[in-house]
1. On a full-extension model of 0.36 nm per residue, what is the gain between residue 273 and residue 96, subtracting their alpha-carbon distance, rounded to one decimal in nm?
2. Tell me, in nm to one decimal, what length is gained between residue 476 and residue 316 on full extension, where the rule is 0.36 nm per residue of separation less the Cα-Cα distance?
3. Between residue 423 and residue 496, with labels modelled 7 Å along Cα→Cβ, what's the label distance in nm to one decimal, could you check?
4. Could you sort 361, 115 by their accessible area in this structure, using a 1.4 Å probe and putting the largest first?
5. Using the Cα gyration tensor of the stretch 391-522, with a ≥ b ≥ c the square roots of its eigenvalues, what is the shape: rounded (a/c below 1.5), prolate (a/b larger than b/c) or oblate (neither)?
6. Quick one: if the Förster radius is 30 Å, what FRET efficiency do residue 299 and residue 222 give, using the C-beta to C-beta distance and rounding to 0.05?
7. Can you give me the % of accessible surface on the stretch 391-522 that is carbon or sulfur? Probe 1.4 Å, all protein chains present, nothing else counted.
8. If each of residue 111 and residue 456 carries a label point 7 Å out from its Cα toward its Cβ, how far apart are those two points in nm?
Amino acid sequence: MADDSASPSPSSASPLQHHREALKSSVRNTAASRRREQAIAIGKERREALIRAKRVCRAPISGSDEAEMEEGDMVVDEEKACLEAKTAHAVEELKSALSIQGKGVQKKKIEALRDLRRLLSQPEVPLVDTAIKAGAVPLLVQYLSFGSSDEQLLEAAWCLTNIAAGEPEETKSLLPALPLLIAHLGEKSSTLVAEQCAWAIGNVAGEGAELRSTLLAQGALRPLTRLMFSSKGSTARTAAWAMSNLIKGPDPKAANELITIDGVLNAIIASLEKEDEELATEVAWVVVYLSALSDRGISLIVRSSVPQLLIGRLFSSENLRLLIPVLRGLGNLIAADDYMVDSVLTVGNNIIGLIKCLKGDNRVLRKESSWALSNIAAGSFEHKKLIFASEATPVLIRLVTSAQFDIRREAAYTLGNLCVVPTGNCELPKIIVEHLVAIVDGGALPGFIHLVRSADVDTAGLGLQFLELVMRGYPNKQGPKLVEMEDGIEAMERFQFHENEQMRNMANGLVDEYFGEDYGLDE
């Protein structure tokens, strides 16, 4: 939602500023800020295209008394006005059932709840607003009162789940229900009731930072962690999904709190060790946000078995929904900690999984694998040789010249980092000539010149940096000629009067240095 788009402001003193600084950017770009920005971006992609941040509960929960929804309960061609009238009537029945006593009252309550739940579960006509205006939420809160039957609690929580899946203002209407939903996550609740309440909380958390803060202040994190240990697969999956919505940032407070809870790392490991790919997917998202937002989380995760478990999934699975968070989590860990690269990814075959995703047809997987490889490439000389000698290099050259913009940029970071060794001071990075020549001769230069023409200042700066490497380091002083042949001079001259002073000075300085008055006189 809107508040999730805000970029965080990481401290310039963060200890996580490692790999991305290998290829210096004219606009400062650090590993820590990249991880946080990427976490927010992937959250948006997840919400919009892959795994909805909020989910409507349509089918009965496995194991509930109602095995399946009877056919014909919802007549799909009914007029909207008729369905809205039914919804308003169902809310009135809820109210009526609360006011009567005597024999049969419990049955009447369940029937009234079930009628409303079925109306809120059908997809053809949104009825959440109608239910809210009719006064459903405060009534449902009453139905959540302690001492109620499990069936009543389940139906009431189910109704609230689907209300929370509505529009932002509709989700916010659940504020009065949050304390009871959280309370019913506790150990005294049945598994079915706790799972449904976790689902409702996950929908609320998926709405935005304000509601996440409220849930955290009311203590939702710890009982969700306990539910992750459930032996019931759907309960553990729902708890992990809700938790990932609750900690996803950009504020790191929740992620930092989560990693301090006793047993949470064990729960993550135990979940990833199971064969359940859906559970692994949800838990991998928890790892994504912990590794993006919590320094302590990274420190603990990289020294656990989590990285090896993620790599195992990378090798064994073809499930897109699982591979995306697995790749993002690995990329975050690699970006943040040299120990991760040294202890895990330098075991030759371990980059095969990344190359597999890099070569695939899926745009998100190619971007994620490029992101991970770029951070390996920004490490030691051995790391660079590992990637350069693999089949990743020709694939990256192809991507930097022909892929979508975001993938081209990630591929460019990787190729650029393969060509330099940081000096550790303010001097220009040392060029690995063998790598540079192979990448240029392989056809990458036009792709980098195209990046120079990008409207995005960071990306254009990345392109300029690579042109500087070519002109400075290509053998026999042939670099400037190669750049000129690909219209690189024209691309750089577009910055002659650019509003960004740093970019203007960089581009003009390169043109003056390599294409000044003496250019071509020694030929």
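The values are calculated or read from the model by the stated rules, or taken from the named source; none is laboratory data. Just so it is clear, the structure is predicted and the values come from calculations on it, not from any experiment. Cβ atoms come from the backbone with ideal geometry, glycine included; neighbour counts cover every protein chain shown. Quick note on the areas: whole protein, heavy atoms, side chains included, nothing else; ligands and nucleic acids left out. Shrake-Rupley method; radii C 1.70, N 1.55, O 1.52, S 1.80 Å.
1. Between residue 273 and residue 96, full extension yields 58.8 nm more.
2. Gain on stretching residue 476 to residue 316: 52.9 nm.
3. Taking the two extended label points, one gets 3.0 nm.
4. Sorted by accessible area, descending: 361, 115.
5. Note, shape of the stretch 391-522 comes out rounded.
6. Step by step, r from the Cβ atoms, then E = 0.90.
7. 48 percent
8. With each label point 7 Å from Cα toward Cβ, the separation is 5.9 nm.
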